[in-house]
Structures are given as C-alpha cells and as structure tokens.
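For reference, the structure is listed below as structure tokens.
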Amino acid sequence: MPTPLNWHGAAGARKDHARQAPPHHAPQGQAPGAPAGRMWASTSDMERPPLSLDAVPSTLVIPLAARAAGGSFFPSLACSDADAARLLRSLGVDVDAYLADRPTVLNVLWRTRHIQRAGQAFFARHPKAWGINLGCGLSNYFQWLDNGQNHWVDADLPEVIALRLALDPPCSRRLRSVALDLTHADWWQALQLPPEAMEHPLFVVCEGVLMYLQPAQAQQVLADFASHAPAGSRLLIDTLHQCAVGRARWHSSVGRTGAEFRWGIQHPDELCSSHPRLRLAHLHSVSECYGWWGRTSDALWRPWLGAPLYGLAELAV
Ligand SMILES: C[S@@+](CC[C@H](N)C(=O)[O-])C[C@H]1O[C@@H](n2cnc3c(N)ncnc32)[C@H](O)[C@@H]1O
C-alpha cells in the first residue's frame, strides 16, 4: 500500500525486533476502499525484514505525535510526555501531517488530560489498585500515574506489543505488557490478572480503540469489563458520534492510515446498554475546549445529535 507515514527505520529499536513480531493478524476496522495490506516501515538496514503495521494499529502514531509535540500548539494542554518524542525518534516517522491536523492534536491532548486527572483521583482513593490500558499503542500513562504501590498493564495486539517491547521494555516490576485481541472472547482472561488485582477496583483506559471495532465487538468489550471488574472500577473510553461511522477517509489523520470508523453512538444510554452493572459516571464533550462558542454550539446541536461529536466517557460498575 502507499505509505502514508514516512518511515526511515527504527534507529533506536532493538536490532531484532522485526523478527520477533508475531504472525499477521487480520486487520480490524480497515476501510473497505482502503489500500489492502499493511503499512510498511522500510528499514535502513536491508538485512532486516521491514517493520509493518496494519491500518488500525498504525493509528497509534497519531496520539503519539500529539503527545510528543502537540503541547507547543496547545500549551495549556501540554501533557509533558517524557517518552513520546523519544519513541517517535526511534521509529523515524515523519509526523508533520498529523501535527498539522490541529483538531485531532487537541482531541488527544484533551482526552489525555482528562484521563491523567481521573487516574490521579482514582489512585488517590485506591493506592494499591491496578490500572489497565486496553489498546495502549505506544502511550505511557504509568509515567504519570505510578504512585510507588499501584500496578499497570499495557495491552494491545501482538504486533504492537512486540514493537512496544522492542522500543521500550517495561522498567518496573509493577508494569507489564500483555498481547491480546479485544475482539476475541477470552481477552479478559488474556490479561492474566493475579487474584490481588481483583481485591481493589480497577482503573481501565481504552482510548482511540473502540471506534475501530464493529458495534457488537465494542459493546462486548464494555459488557466484559462490566461482568469481570470489581465494584468501584472505572472504564474511560472516548466516543465518536454515529455520524462519523464509515467516514474516516474524510478525517485528516485517520484517513491517511486506511483505518475506518465502525462504532459510534447516538445517545449516551448506548454506553451502558450492554450490561446492567454499567453506569455512566461522566460524559465530557471536546466542545469544552472551544470556550463559550463550543459550549453554545454543543448546547444548540445536542438535541439533534443526541451525543457529543467527540466525547470522553467514564463508565463505572
Ligand atoms: C489510535 S491507536 C490508540 C493508542 C493509544 N490508546 C493512545 O491513545 O495512544 C489505536 C490502538 O488500538 C489498538 N487496537 C485496535 N484494535 C484492537 C484490538 N482488537 N485489540 C487490541 N488492541 C486493538 C491498536 O493496535 C492501536 O494501538
């Protein structure tokens, strides 16, 4: 496929990481009209097989770029990510086009800020609890949420976890990486949480992920969380409006990757309909970033739209 990302080789990566990549997985949420196959990363070392990511996993570069450099455009939302810029340098990816998509940069920094704050408040209440980042990409929330007692699990598809381990092996015994597929029935078991993890509520993040799954798959992830997580647990997800489904090609950043939006909502009730234990604790709209104009437009359009165009939901059990 044409290479929307300009890869120059994983200079900082372990030499053998491409060989360690697991077998190819069927692309999830790839646009029907998108160029088939994988996003290739040609390496400068011709002896190595090229590093490649399918369309949906390749979207991990979008939030990585925003966290690495987006703070210069939106200083009040700068997230001080200590790792993102280094990882981008290691990947050798040209992200100028992603950074030029300012609304998406803003969306990522906005949701990151909300998740950081929710996590800090959660671990203040439950200092020994476990956090889980489903579809973590190359993000690193433990840099902000490590309190010296809690544990954190970063989970993603095998090819992403292989890349993650090659670029950035976990450096704490309280931090682990897990390869899983959220569309598989046993994804919760694949987390292999020890009994002590279930003695406290869980703090679970799943950002920039569920919109690429089929609606039934996204709802199943919510239902699985609800049926397994201890009382008091939280799940933070970002939400797209239903009107974006099938229209990723018009999105300045996602359109470059060949991924497609599959799941969106028309009403907040849809977030809790998959399981009786689920409760919507908060639903933020990104319109809050746009001051009085954003809040006014949101208030005017909400009766017709029913849900935010882009939101961040905190679900509780
Ligand atoms: C837009 S990136 C978001 C990455 C990360 N959450 C962040 O905000 O930086 C989407 C991520 O979802 C992951 N993903 C997509 N489908 C998945 C699935 N079925 N199981 C696990 N992870 C998945 C991709 O591999 C990719 O890392």
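The values are calculated or read from the model by the stated rules, or taken from the named source; none is laboratory data. What you are looking at is a predicted structure, and each value in this text was computed from that prediction instead of being measured. Positions of Cβ are backbone-derived with ideal geometry, glycine not excepted, and every protein chain shown enters the neighbour counts. Ligands, DNA and RNA are excluded from the accessible area calculation, which covers all protein heavy atoms including side chains. Shrake-Rupley method; radii C 1.70, N 1.55, O 1.52, S 1.80 Å.
List of remarks:
- Residues that are more than 13 Å from the ligand (Cβ to nearest atom), out of contact with any Lys or Arg (no Cβ under 9 Å at 6 or more places or on another chain) and aliphatic (A, V, I, L, M) were ranked within region 96-136; the one that is nearest to Ser233 (Cα to Cα) is Ala129.
- Among the residues listed as Leu191, Leu157, the single one being within 14 Å of the ligand (Cβ to nearest atom) and farther than 15 Å from His228 by Cα: Leu157
- Close pairs from region 218-232: first crowded, with 16+ Cβ neighbours inside 10 Å, partner of a type outside the set (A, V, I, L, M, F, W, C) and part of a helix (DSSP H, G or I), Cβ under 7 Å, at least 6 apart: none
- Among the numbered conditions (1) in contact with a Leu (Cβ under 9 Å, 6 or more places away or on another chain); (2) in a helix (DSSP H, G or I); (3) within 16 Å of the ligand (Cβ to nearest atom), the only one that Ala216 does not meet is (1).
Residue-by-condition table, conditions (1) within 27 Å of Asp224 (Cβ to Cβ); (2) surrounded by fewer than 18 Cβ atoms within 10 Å (Cβ to Cβ):
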{"residue": "His275", "(1), (2)": "yes, yes"}
{"residue": "Ser297", "(1), (2)": "no, yes"}
{"residue": "Arg302", "(1), (2)": "no, yes"}
{"residue": "Tyr310", "(1), (2)": "yes, no"}
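- Of the helices (runs of 4 or more DSSP H) lying entirely inside region 135-202, not one is found with 2 or more residues being among the hydroxyl-bearing types (Ser, Thr, Tyr) and open to solvent by less than 30 Å² (accessible area, probe 1.4 Å).
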